[in-house]
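Following: one structure in structure tokens, then a few remarks.
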Amino acid sequence: MSVLPIYTYNQPVLKRRTERVELMTEELDAFIDDMHETMQNAKGIGLAANQVGVSKAITVIDISDVEEEEEFEPITLINPVIEKFSDEETEYDEGCLSLPELTGLVNRPEKVTVRYFDREMQEQLIEAEGLLARVMQHEIDHLNGIYFFERMTPVRRAKAHAMIKRIQRGLIETEYPIKPYKPATGKSKKARHS
Ligand code: NI
């Protein structure tokens, strides 16, 4: 297993809709192991395949480090589709491994029903609520090329703008390997006063 670098905003692969997986192969199975290891190394609770540069509809989730979720077993969702959303919405402060240092409140449905394939390519249906439903929606958005800040209200999004630009320029530090859109050169221009 190996830790893969996480692609950060605004790498093109993150805005592209991922492709469905038709067949599980040994190579893909090993890649899913790498995804789990990469997520764990970055202390993330979810990771989508395009966040490590592979445009396939695969996401891994592990919320077991979160209080009251210790019983949770890591899962892999292949070709996940949300079939049902609850009318009730909740607000939660989200973050993203592809947007280091950015957090922001996002409203989403409290419950979802998700159809997906597991690692054995068996079809599964899961009803999720709370944090799990939240993470599933965030990750499925990734697979469709959507960032969480695109779900923020215009006012909140405007506040996040400067940080998003910093991330795009690679001016961020992380405790996990990343592949920024524009790697920081280390040369910073002197401020000019006029
Ligand atoms: Ni994310």
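The values are calculated or read from the model by the stated rules, or taken from the named source; none is laboratory data. Keep in mind that this is a model prediction, so the values were computed, not measured. Because the Cβ atoms are built from the backbone with ideal geometry, glycine has one as well, and the counts that use them run over all protein chains shown. These area figures cover heavy atoms from the full protein model, side chains too; ligands, DNA and RNA do not enter into them. Shrake-Rupley method; radii C 1.70, N 1.55, O 1.52, S 1.80 Å.
Would you be able to say whether some residue in segment 81-92 is open to solvent by 40 Å² or more (accessible area, probe 1.4 Å), within 14 Å of the ligand (Cβ to nearest atom) and of a type outside the set (A, V, I, L, M)? Steps first, please.
Initially, segment 81-92 is screened for residues open to solvent by 40 Å² or more (accessible area, probe 1.4 Å), giving 81, 83-85, 87-92.
Next cut, within 14 Å of the ligand (Cβ to nearest atom) only: 92.
If we keep only those that are of a type outside the set (A, V, I, L, M) too, we end up with 92.
Yes, segment 81-92 contains a residue that is open to solvent by 40 Å² or more (accessible area, probe 1.4 Å), within 14 Å of the ligand (Cβ to nearest atom) and of a type outside the set (A, V, I, L, M).
Let's see how each residue does on (1) in contact with a Ser or Thr (Cβ under 6 Å, 6 or more places away or on another chain); (2) over 29 Å from P5 (Cβ atoms); (3) of a type in the set (S, T, Y); (4) without any contact (Cβ under 8 Å) to a residue 40 or more places away in the chain:
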{"position": "K56", "(1), (2), (3), (4)": "yes, no, no, yes"}
{"position": "I78", "(1), (2), (3), (4)": "no, no, no, no"}
{"position": "E94", "(1), (2), (3), (4)": "no, no, no, no"}
{"position": "S98", "(1), (2), (3), (4)": "yes, no, yes, no"}
{"position": "E101", "(1), (2), (3), (4)": "no, no, no, no"}
{"position": "L105", "(1), (2), (3), (4)": "no, no, no, no"}
{"position": "V135", "(1), (2), (3), (4)": "no, no, no, no"}
{"position": "P154", "(1), (2), (3), (4)": "no, yes, no, yes"}
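When segment 151-169 is examined, which residues are found to be closer than 18 Å to Q11 by Cα and over 18 Å from the mean Cα position of the chain (by Cα)?
Within segment 151-169, H161, A162, K165, R166, R169 meet the criteria.
Are there strands (runs of 3 or more DSSP E) fully within segment 97-194 with at least 3 residues that are surrounded by 14 or more Cβ atoms within 10 Å (Cβ to Cβ) and among the β-branched types (V, I, T)? List them.
On the way: elements: 103-109, 111-117, 123-129.
The strands (runs of 3 or more DSSP E) meeting that bar are 111-117.
Taking E27 as the residue in question, decide whether it is part of a loop (DSSP other than H, G, I, E, B) and either surrounded by 21 or more Cβ atoms within 10 Å (Cβ to Cβ) or among the acidic types (D, E) (or both). I'd like the intermediate steps shown before the answer.
Details: part of a loop (DSSP other than H, G, I, E, B): no; either surrounded by 21 or more Cβ atoms within 10 Å (Cβ to Cβ) or among the acidic types (D, E) (or both): yes.
The answer is no for E27.
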